[in-house]
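Below is one structure, written out as structure tokens; comments come after it.
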Amino acid sequence: MDDASPFMAALTLILRLDPAFLSIVGLSLRVTLTAVCLAALIGLPLGALLAVSRFRGRSVVIVAINALMGLPPVVVGLTFFLLLSRSGPLGSFGLLFTPSAMIIAQASLVLPIVIALTRQTVEDLWANYREYLLSIGMGPKQAIMTLLWDARFSLATALLAGFGRATAEVGAVLIVGGNIAGVTRMMTTAIALETSKGDLALALGLGIILVGITLLVNALAFGMSRIGVRHAG
Amino acid sequence: MPDNLPPDAALAVTDLSFAIDGIRLIHPMGFKVRRGRRLVVLGPNGAGKSLLLRLCHGLLRPDTGQIHRNDHHPAGRRAHAMVFQTPVMLRRSVFDNVTHALAAIGVPVAQLKSRAVEALNRFGLIGLADRPARWLSGGEQQRLAIARAWALRPELLFLDEPSAALDPSATRSIEAMLGDLHAEGVTLMMSTHDLSQARRLADDVLFLASGSLVEAGEAQRFFNDPQTAQARAFIAGDLVW
Ligand SMILES: Nc1ncnc2c1ncn2[C@@H]1O[C@H](COP(=O)(O)OP(=O)(O)OP(=O)(O)O)[C@@H](O)[C@H]1O
Ligand SMILES: [Mg+2]
């Protein structure tokens, strides 16, 4: 056995577009992208609202959300496992060990990141825009739309950060998904399993794809801030 | 037309005062902004000029007193608009800065473009329409802030030190624009600490010091025959300086 062989096998898997391999990559991307979209749909307006409103306990909410950003994925997984399991409060939906359960768990992981980064970005912009937007008679809803649009390049970077975190995590999807072949097997859970089984080729192949995605995400984030400067100043 | 606003006034203030954290920053004062005139709020740094303009525009809530202004905004217009001491530029193109303001006051989508083009033409900015607004020079930004306010067709325009950070030629160009707005019949209420600018622009003067209204009246009389020692010192100080 020479050392290069699992690596060569991994490359072969990738280059041959092996169907089982592709289905794992495809499911991972579908779950994570859906989770990020959900988190964006909820987190962008909530973060912006938090940035422009003043209420008692606001700083407590901000600290809590910042803390949630660092929540261990396994804890999120465990929480949703308990909520979604047959005897849990949401058990009747029968979602445990389905891609939907993984989407929900990942969206919950990404949501605090989106809210916290949106709040920070929008709050800085609001400090600059506030009087002007009030001066032209804008209400809170219009102001939030203006702020989200003008912060779009920084916010896209926030979403990419969320995407990065979700792509890389194992704990949450493993617990609520169950790592069932062809149903809920994601890249990270497959790597964990295949490595322990000794199928290094598949694990390595998926690892290469993951590193590629991470590079791509960072390149996108970099390009985004460049474009932002060019278009928005 | 709101109650209590005399027909010759675009704004009337009675008994106005304002405090932050218990500290009185504007002491009780009353005055009128006469329709179609240029009222210059004059006073040294920290006199309360910016606060007074914000109060009059409705950005701050007074602690006592009333501000009577026309709060009826006809379709596609805003009764009053403000140009800030440091221009607020949205992170969009010059053109989009104008259409954004127009959309905010409810101008129909079909008219946004033509009204923005009209405003940019009027203030010589059409060549910069596609440039990100934040890339403009200080003078160009101030010009855009005025164009954007003018596009709202206000009857009363507040300007907070519109040329404080500008070089002499940019200052002259801003002053010329304000002269044109005045000729169009727009009522102007602007602050400055620059006496010579006040002499060039003012029809009426409010002279503030330490948050109090020290002297109010027609500009001619204020400059030729100030009634208070503080106003005399301020005018004389500028001549010496
Ligand atoms: N948010 C605030 N909190 C506390 N004090 C304030 C606040 N805003 C203004 N002040 C104070 O109120 C006074 C008047 O401020 P203002 O900005 O109106 O002065 P100004 O006449 O516009 O001065 P300048 O010529 O420097 O622009 C100043 O002493 C300032 O420190
Ligand atoms: Mg000021």
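The values are calculated or read from the model by the stated rules, or taken from the named source; none is laboratory data. Everything quoted here is computed from the prediction, not taken from an experiment. Quick reminder, even Gly has a Cβ in these numbers, built from the backbone with ideal geometry, and neighbours come from all protein chains shown. With ligands, DNA and RNA removed, areas are computed over all heavy atoms of the protein, side chains included. Shrake-Rupley method; radii C 1.70, N 1.55, O 1.52, S 1.80 Å.
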- Examine region B:57-67 for a residue that is without any contact (Cβ under 8 Å) to a residue 60 or more places away in the chain, open to solvent by 40 Å² or more (accessible area, probe 1.4 Å) and within 16 Å of ligand 2 (Cβ to nearest atom), and state whether such a residue exists. yes
All-but-one check, B:S17 against (1) over 27 Å from B:A233 (Cα atoms); (2) away from ligand 2 (no atom under 16 Å from the Cβ), failing number (1)
Scanning region B:62-84 residue by residue, the ones that are at pLDDT 95 or above, assigned to a loop (DSSP other than H, G, I, E, B) and within 12 Å of another protein chain (Cβ to nearest Cβ) total 1
Discussion item. Suppose the filter is without any contact (Cβ under 8 Å) to a residue 60 or more places away in the chain and crowded, with 24+ Cβ neighbours inside 10 Å; does B:A151 pass it?
Written reply: yes
- If you check B:T86 against the conditions, is it open to solvent by 20 Å² or more (accessible area, probe 1.4 Å), of a type in the set (S, T, N, Q) and within 16 Å of ligand 2 (Cβ to nearest atom)? yes
Restricting attention to region A:215-233, the residues that are β-branched (V, I, T) and within 13 Å of another protein chain (Cβ to nearest Cβ) number exactly 2
Turns out the helices (runs of 4 or more DSSP H) fully within region A:61-172 with at least 2 residues that are open to solvent by 30 Å² or more (accessible area, probe 1.4 Å) and within 14 Å of chain B (Cβ to nearest Cβ) are A:99-135, A:140-150, A:152-168
Over region B:44-74, the set of residues at positive phi and touching a strand residue (DSSP E or B) at 6+ places or on another chain (Cβ under 8 Å) is B:G48, B:G58, B:G65
When restricted to B:H68, B:H72, B:H27, the only residue within 16 Å of ligand 1 (Cβ to nearest atom) and of a type outside the set (A, V, I, L, M, F, W, C) is B:H27
Of those in region B:103-148 that are part of a loop (DSSP other than H, G, I, E, B) and farther than 24 Å from B:T86 by Cβ, the residue least open to solvent (accessible area, probe 1.4 Å) is B:V107
Those residues of region B:85-102 which are assigned to a loop (DSSP other than H, G, I, E, B) and closer than 20 Å to B:G58 by Cα amount to B:Q85, B:T86, B:P87, B:V88
